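Enquirer: Before I ask anything, here is the structure I am working with.
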Amino acid sequence: MVGDVHTERDAEVLEGDTWLARVALRFTAFTERWLPDAFGFVLVGTFLIFALGLATGESPTTLVDAWGQGFWSLIQFTLQMAMIIIGGYAVAVSAPVARLIARMAQIPESPRAAIAFTAAVAMLSSYLNWAFSLIFTAILAKEIARVVRGVDYRALGAMAFLGLGTVWAQGLSGSAALQVAGPASSPEAVQEVIAEGRNGEGIIPLTETIFTWQSVLATFVVFVVAVVMAWFLAPSPARAKTAQEMGIELRPLLAEKDGKEDAASGSTGSRPGDWLERSPLLTVLVGILGLWYLVRHFTSVEGNPVAAIDLDTVNLVLILLALCLHWRPIRMVEAVRRGTPAASGVLLQFPFYGGIFGMIAFTGLSKQIAGWMVSVSNELLFPPLIAVYSAVLGVFVPSGGSKWVIEAPYVMEAANQLHVNQGWMVVVYDLGEASANLLQPFWMLPTLAVLGLKARDIMGYTFAMFLACFPVVLIVVTVLAQTLPFP
């Protein structure tokens with residue numbers, strides 16, 4: 001009943017809303033009514049790609065075999081992502097980080113400021129690390145919704161995810177840039193194509209991709225546009241749908257500890273096992289062990305320690321950091337227990353995305369589409385064209401790293417032929433690929449799980465943000481490409 005009332009109310013034009021807010025609310029009303037949940041989205045996407053494969057000449061049996069071959073191809077990645085969600089959650093709910101989030105939640109004083117502030121934090125944290133951003137900003141958004149009256153919970157949830165749809169790949173955990181920066185992480189076929197345009201050098205250092213002034217400027221422009229858009233997308237309190245109205249309970253992040261647990265934590269317990277669970281001794285020892293390994297791991301990479309960063313390293317850092325922040329093993333166990341349900345969507349849906357990936361990667365579908373796009377391009381139009389292509393393909397293969405492996409050979413070959421800077425094409429790929437995350441719910445799952453929302457609740461706002469940010473991406477990648485030389 002409450003939802004029906006709000007749907008009708010959202011269709012009206014009320015004073016106090018900007019036209020952008022009204023557009024976002026209309027998109028949201030549409031997505032709430034017509035879009036399936038994230039799992040339904042991936043099922044529909046499966047048959048769309050199957051139909052596209054048939055239309056391009058692939059046989060049904062080839063597509064079926066490719067689907068089956070790809071179904072479990074992301075199994076290691078699935079576990080890595082599940083552990084990132086759980087580890088990120090455990091870090092975010094630790095007492096020190098929870099206190100930081102509680103303080104940050106007090107900064108915005110109005111619903112509009114709360115939504116813009118959440119967007120800014122999401123992008124800044126994703127620039128540092130996208131995995132941590134998904135959980136940290138979601139918990140922050142939930143706490144902001146509890147303390148700021150009248151804020152639209154759907155808009156807040158969309159802005160909590162915004163980093164993954166804008167600047168994450170331009171930051172320190174960007175998959176494509178990290179891959180091409182080191183020979184160990186870049187496939188040999190990709191290195192060969194890169195070497196053709198770089199006088200035999202098969203890698204592209206970060207100083208020629210995400211750390212160029214052009215890349216930093218492009219990231220800054222997108223950041224500013226997104227924050228301004230977030231401010232104007234915020235609906236007025238009269239049209240906002242709060243967490244309470246959506247039936248979502250918001251508990252204080254710094255909830256009082258159970259007195260019995262605290263008392264037990266300070267005692268030795270009746271059994272040796274009780275003492276081990278509550279003593280920080282083993283936490284300290286494991287922390288030292290992990291730090292020792294990480295120092296050796298990063299110093300083992302000659303010249304560029306950043307190249308040592310991968311998903312396994314990120315996961316190890318999160319788990320060790322969570323353990324140290326919780327201090328006592330028993331508290332770490334409880335945090336992991338509470339964070340595990342947030343990974344349920346990943347565990348269910350990633351194999352199906354693997355099937356979609358298989359139908360694209362293990363058939364001729366990807367090269368057929370790419371070959372047509374490259375044939376109609378030139379030096380000026382190639383960067384925006386690849387940005388569009390990466391965004392479109394990203395809707396169906398939502399994995400920055402694995403999708404780069406698909407695109408890199410023909411994107412870099414075309415860049416060589418058209419004399420477009422290779423490092424800049426990595427930046428172009430990153431900006432286009434990130435934009436696709438605003439259109440499909442794959443990476444929204446961890447954020448949605450923490451917030452208790454469904455994809456259709458926030459995709460109206462993310463779609464409106466896409467319409468604002470993506471044209472800016474196309475402009476900056478086209479203009480700034482002219483300032484870069486071809487090696």
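Enquirer: Which of the numbered conditions does VAL411 fail, given that it passes all the others? Conditions: (1) hydrophobic (A, V, I, L, M, F, W, C); (2) at pLDDT 95 or above; (3) in contact with a helix residue (DSSP H, G or I) (Cβ under 9 Å, 6 or more places away or on another chain).
Expert: Evaluating VAL411 over (1) hydrophobic (A, V, I, L, M, F, W, C); (2) at pLDDT 95 or above; (3) in contact with a helix residue (DSSP H, G or I) (Cβ under 9 Å, 6 or more places away or on another chain) leaves (2) as the failure.
Enquirer: If you check VAL333, VAL295, VAL286, VAL301, which single one turns out to be over 24 Å from the mean Cα position of the chain (by Cα), modelled with pLDDT of 90 or more and within 21 Å of LEU172 (Cβ to Cβ)?
Expert: None of the other options fit; the residue is VAL295.
Enquirer: When you go through (1) closer than 14 Å to VAL93 by Cβ; (2) open to solvent by 60 Å² or more (accessible area, probe 1.4 Å); (3) in contact with a Ser or Thr (Cβ under 7 Å, 6 or more places away or on another chain) one by one for LEU323, which number turns out not to apply?
Expert: Among (1) closer than 14 Å to VAL93 by Cβ; (2) open to solvent by 60 Å² or more (accessible area, probe 1.4 Å); (3) in contact with a Ser or Thr (Cβ under 7 Å, 6 or more places away or on another chain), LEU323 violates only (2).
Enquirer: Let me ask something else. Quick check on my filter: what residues within region 142-172 are open to solvent by less than 10 Å² (accessible area, probe 1.4 Å) and under 19 Å from ILE86 (Cβ atoms)?
Expert: Selection gives ALA160, PHE161, LEU164.
Enquirer: Only one residue in LEU418, LEU348, LEU385 is out of contact with any Pro (no Cβ under 7 Å at 6 or more places or on another chain), within 17 Å of SER73 (Cβ to Cβ) and either among the aliphatic types (A, V, I, L, M) or modelled with pLDDT under 90 (or both). Which one?
Expert: LEU348
Enquirer: Looking at ILE85, ILE49, ILE75, which one is open to solvent by 40 Å² or more (accessible area, probe 1.4 Å) and either in contact (Cβ under 8 Å) with a residue 24 or more places away in the chain or not acidic (Asp, Glu) (or both)?
Expert: Exactly one residue qualifies, and that residue is ILE75.
Enquirer: When you scan region 405-414, do you find a residue that is free of Cβ contacts under 8 Å to residues at least 60 places away in the same chain and among the acidic types (Asp, Glu), even just one?
Expert: The answer is yes; a qualifying residue exists.
Enquirer: Please state which of the following conditions TYR127 fails to meet, knowing it meets all the rest: (1) touching a residue at least 60 places away in the same chain (Cβ under 8 Å); (2) surrounded by fewer than 24 Cβ atoms within 10 Å (Cβ to Cβ); (3) more than 18 Å from the chain's Cα centre (by Cα).
Expert: (3)
Enquirer: Those residues that are surrounded by fewer than 18 Cβ atoms within 10 Å (Cβ to Cβ) and within 30 Å of ASN416 (Cβ to Cβ), I need them from region 452-471; list them, please.
Expert: PRO471
Enquirer: Working carefully through the options THR483, THR478, find the one that is assigned to a loop (DSSP other than H, G, I, E, B) and surrounded by fewer than 19 Cβ atoms within 10 Å (Cβ to Cβ).
Expert: Only one candidate qualifies: THR483.
Enquirer: Test ASP274 against the criterion of being at pLDDT below 85, open to solvent by 60 Å² or more (accessible area, probe 1.4 Å) and of a type in the set (Asp, Glu), and give yes or no.
Expert: Here the answer is no, as ASP274 does not meet what is asked.
Enquirer: Tell me whether region 75-96 contains one or more residues that are over 25 Å from LYS454 (Cβ atoms), of a type in the set (Phe, Trp, Tyr) and part of a helix (DSSP H, G or I).
Expert: Looking for residues that are over 25 Å from LYS454 (Cβ atoms), of a type in the set (Phe, Trp, Tyr) and part of a helix (DSSP H, G or I), one finds none in region 75-96, hence no.
Enquirer: Here are some residues: ALA415, ALA387, ALA408. Which one is within 26 Å of GLY202 (Cβ to Cβ), crowded, with 23+ Cβ neighbours inside 10 Å and within 19 Å of the chain's Cα centre (by Cα)?
Expert: Matching residue, one of ALA415, ALA387, ALA408: ALA387.
Enquirer: For the condition in contact with a Gly (Cβ under 7 Å, 6 or more places away or on another chain), of a type in the set (S, T, N, Q) and modelled with pLDDT under 80, what is the one hit in THR31, THR46?
Expert: Just one listed residue meets the conditions, THR31.
Enquirer: For region 97-112, how many residues meet the condition of being in contact (Cβ under 8 Å) with a residue 24 or more places away in the chain and assigned to a helix (DSSP H, G or I)?
Expert: Adding up the residues that qualify gives 9.
Enquirer: Turning to a different aspect of this structure: Under the condition of being modelled with pLDDT under 75 and open to solvent by less than 10 Å² (accessible area, probe 1.4 Å), which residue from region 361-382 is farthest from the chain's Cα centre (by Cα)?
Expert: Among those residues, the one meeting the criterion is ALA370.
Enquirer: Something else: Would you point out which residue out of ILE144, ILE86, ILE115 is modelled with pLDDT of 95 or more, within 21 Å of the chain's Cα centre (by Cα), farther than 29 Å from VAL216 by Cα and not hydroxyl-bearing (Ser, Thr, Tyr)?
Expert: None of the other options fit; the residue is ILE144.
The values are calculated or read from the model by the stated rules, or taken from the named source; none is laboratory data. Computed from a prediction, not measured in an experiment: that's the story for all the values here. Methodologically, a virtual Cβ is constructed for each residue, glycine included, from the backbone with ideal geometry; neighbour enumeration extends over all protein chains shown. These area figures cover heavy atoms from the full protein model, side chains too; ligands, DNA and RNA do not enter into them. Shrake-Rupley method; radii C 1.70, N 1.55, O 1.52, S 1.80 Å.
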